[in-house]
Amino acid sequence: MDIALDLGTANTRLRINKNGNAIDEPSVIAYNRDNNEILSFGREAYEMLGKTSSRIHVVFPLEGGVIASSGLVEELVNIFMCEVCTSRVVMPRVVACIPGEITEVEKRAIVGAISSFGVRRVLLIESTKAAAFGTGMDIMSPHGCMIVDLGAGTVDAAVMSLGGMSVSKTIKTAGNAMDDEIIKYIRRKHNLIIGKAMATSCKEAIGCVIKPEIEETFRVKGRDSLRGLPKAVEVTSCEIMEAISDITAAIVNTATDVLEDTPPEMLGDIQTDGIMITGGLSQLKGMRELLERETGITVHRAKDPADSVVAGCFEATAFIEEAEAQRANLNPLMTVY
Ligand SMILES: Nc1ncnc2c1ncn2[C@@H]1O[C@H](COP(=O)(O)OP(=O)(O)OP(=O)(O)O)[C@@H](O)[C@H]1O
Ligand SMILES: [Mg+2]
């Protein structure tokens, strides 16, 4: 059995066949601080965010695509893997994605968390490669193609050719950093303290990165920072655009920095084919148009952008034997552990 695993900062997705995700849940776990008992995980734990007593801790155990709390990531991986591995007779092989610019120690931590379940083999693939694969781009040919994967913890931009990275850049300011900026902005401007889940909902509902034709509003609820009492305020899409503008600028710079370092021959290929954007945050209103305007290159958004990476990890399972047959780290597509 082969498993494709996208252990994301915000969401974990698992695939065991071509028919869509077997698991698609928030990467969240809730546990009792007193005895470390796991109380819930995934969507159910996400619903508890900010609503628990002090004894219960609800955490996202991954930050910026890497492990922040190894024990909890192991728990989360084990829970999700148990759901898809009905038979324990044959140990699965797992293809998991990793962000670009990750250290060997961080890679080993991810391999360790997955291996704790009892697997035959772990293979790691960069999320941009997986995303390219998942959107049907031919990354094995001598042809430059560019992907920008926009997630919660990282933005990964890369130009690939012949199965390898030509240029890549990763930043750790993405969807989560936007949520933090929204929280700060609403507190500063409206004296209103809101939680992370409220900020995320607001960003997903009305967030935008270019001035919208029709101004939308969203009712944010929280606590008045001056009086300490419940309060609700209508915020507009332009306010959210302003709140997240620094993060938006950092994302645009990441894409343009990669283009600036790309060899001219490959730039020609990218100008012809365009840039592909994937990841949940690629759905932010105006993101595609803004990147198009700032790079001067056509930008396409993947059909199911949040699923591109796990789809690509699944496509990569077809190359496991090939990768295993070569000596470790010689395969351009995946690293075998
Ligand atoms: N419709 C939407 N509009 C704006 N943002 C969205 C939308 N849907 C999801 N997002 C944002 O996308 C991010 C999650 O994307 P994704 O699931 O690709 O991240 P991830 O893979 O868990 O993170 P990473 O790859 O950084 O580890 C969150 O910040 C979420 O708020
Ligand atoms: Mg991701």
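The values are calculated or read from the model by the stated rules, or taken from the named source; none is laboratory data. On a predicted model such as this, the values are computed, not experimentally measured, just so you know. So basically every Cβ, Gly included, is an ideal-geometry build from the backbone, and we count neighbours across all protein chains shown.
For this structure, a couple of remarks:
- Residue identified as of a type outside the set (S, T, N, Q), surrounded by fewer than 24 Cβ atoms within 10 Å (Cβ to Cβ) and modelled with pLDDT under 95 among GLU104, GLU204: GLU104
- Applying a threshold of 8 Å to beta carbon distances and a minimum spacing of six or more residues, or different chains, the list of pairs starting in segment 148-168 at a residue that is within 16 Å of ligand 1 (Cβ to nearest atom) and ending at one that is among the basic types (Lys, Arg) and part of a strand (DSSP E or B) reads ASP156/LYS169; ALA157/LYS169; ALA158/LYS169.
- Index of the failed condition, TYR46 passing every other in (1) farther than 20 Å from MET198 by Cβ; (2) in contact (Cβ under 8 Å) with a residue 60 or more places away in the chain; (3) more than 16 Å from ligand 2 (Cβ to nearest atom): (1)
- Qualifying positions in segment 68-94 - of a type in the set (A, V, I, L, M), outside any helix (DSSP H, G or I) and surrounded by fewer than 21 Cβ atoms within 10 Å (Cβ to Cβ): ALA68, VAL89, VAL90, MET91
- Subset tally (residues that are surrounded by fewer than 22 Cβ atoms within 10 Å (Cβ to Cβ), in contact (Cβ under 8 Å) with a residue 24 or more places away in the chain and not aliphatic (A, V, I, L, M)) for segment 269-282: 5
- Scoring LYS129 on the criteria (1) among the basic types (Lys, Arg); (2) surrounded by fewer than 20 Cβ atoms within 10 Å (Cβ to Cβ); (3) touching a residue at least 40 places away in the same chain (Cβ under 8 Å) leaves a single failure, condition (2).
- Among residues of segment 1-60, those that are within 16 Å of ligand 1 (Cβ to nearest atom), over 18 Å from the mean Cα position of the chain (by Cα) and within 30 Å of GLU321 (Cβ to Cβ), counted: 0
- Every residue from segment 252-297 that is in a loop (DSSP other than H, G, I, E, B) and either within 16 Å of ligand 2 (Cβ to nearest atom) or more than 22 Å from SER127 (Cβ to Cβ) (or both): PRO263, GLY279, LEU284, GLY286, GLY296
- Looking only at segment 298-314, and only at residues there that are surrounded by fewer than 21 Cβ atoms within 10 Å (Cβ to Cβ) and assigned to a loop (DSSP other than H, G, I, E, B), the one that is modelled with the highest pLDDT: THR298
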